[in-house]
1. Is it the case that VAL67 is of a type in the set (A, V, I, L, M), buried (at least 16 other Cβ atoms within 10 Å of the Cβ) and modelled with pLDDT under 95?
2. Checking the conditions here, which among THR19, THR15, THR36 is modelled with pLDDT of 95 or more and buried (at least 16 other Cβ atoms within 10 Å of the Cβ)?
Amino acid sequence: MQEFPSTFGFSVSHTTRATREKEKDGVHYHFTEMSTMEKDIKDGKFLEFASVHGNLYGTSIVAVNVVKDAFILFVV
């Protein structure tokens, strides 16, 4: 991937955990409220999700489409 940086893309995952120092919303994660993410999961807006240490993490369909629309190979 380092050899072809314009060929690969990474999605920005969602999480309900608190932001850590120097993290930026939309760059490191999409930080969201538990109730919002639970509703979006129920509504089928996530390709995958997991509960880790009491917080939710997941990859939304929108996040994957952002990478797909850039015409690059998607890496989860």
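1. Numbers: of a type in the set (A, V, I, L, M): yes; buried (at least 16 other Cβ atoms within 10 Å of the Cβ): yes; modelled with pLDDT under 95: yes.
For VAL67, the condition - of a type in the set (A, V, I, L, M), buried (at least 16 other Cβ atoms within 10 Å of the Cβ) and modelled with pLDDT under 95 - is met.
2. THR15
The values are calculated or read from the model by the stated rules, or taken from the named source; none is laboratory data. Just so you know, these numbers come straight off a predicted model, no measurement behind them. A quick note on method: Cβ atoms are made from the backbone with ideal geometry, for glycine too, and the neighbour counts reach across all protein chains shown.
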